[in-house]
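K.L.:
Please read through the structure below; I'll follow up with questions.
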Amino acid sequence: MDSIPDIIAGCKRGDKKAQEQLYKNFYTAMIKLCLRYTHNEADAVEVMNNGFLKVFRYIHRFDPGKAALSTWIRSVIINSCIDFLKLKENIPFHEPVQEAAYSIAVNADVAEQIDVNELLHYIRELPNATRVIFNLYVVEGYTHREIASLLNISDGTSKWHLSEARKLLKQKLNQQEVKYERHKL
């Protein structure tokens, strides 16, 4: 059972081997996604496993004419991340809306020196609601309107959180720039 249609058919029948194969095929991508939304690996695994339970429960709703399987699974997992954060971390998504500033200037040398894991660490340090909206907008490619609908907030609130994320990340990167400049000396 190697083809995606065979795996999907097996999952629809409740075949545990097909479910295991689907899980293994998407594990790496989905755990990375969950790690961006949670504070630690244990929470990420919990969210991902809950998400896959939903995938298996609702696989009959998957329509290959509307989306690729990876897109559909990603959507289910993102929704699981949001549900987890709303329930477990009681995230207040509503913040005072301020004018959003979208530019972020970072020294190119610093950008080249920063490690992906370090950047992930900086993102994980963002306030919860800000981190979620940053991930949805920057990483997942959602629009502010889609984020607002998904989180039941205004477009302006989504924009504010994105602006706040960029400001906070810029501060972290500027601190990194200072370390980089000291190291060059």
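Taken together, the values in this text are just the output of simple stated rules run on the coordinates, not laboratory data. From a predicted model like this one, the values you see are computed outputs, not experimental measurements. As a convention, Cβ positions derive from the backbone with ideal geometry for all residues, glycine included, and neighbour counts pool all protein chains shown.
K.L.:
Between K167 and L53, how many nm apart are label points set 7 Å from Cα along the C-beta direction?
P.N.:
3.9
K.L.:
Something else about it: Once you put a point 7 Å from the Cα of D2 and another 7 Å from the Cα of S75, both along the Cβ direction, what distance in nm separates them?
P.N.:
3.0
K.L.:
Cα-based Rg (one decimal) and Dmax (whole number) for segment 4-88, in Å?
P.N.:
Considering segment 4-88 through its Cα atoms, Rg and Dmax are 12.5, 36 Å.
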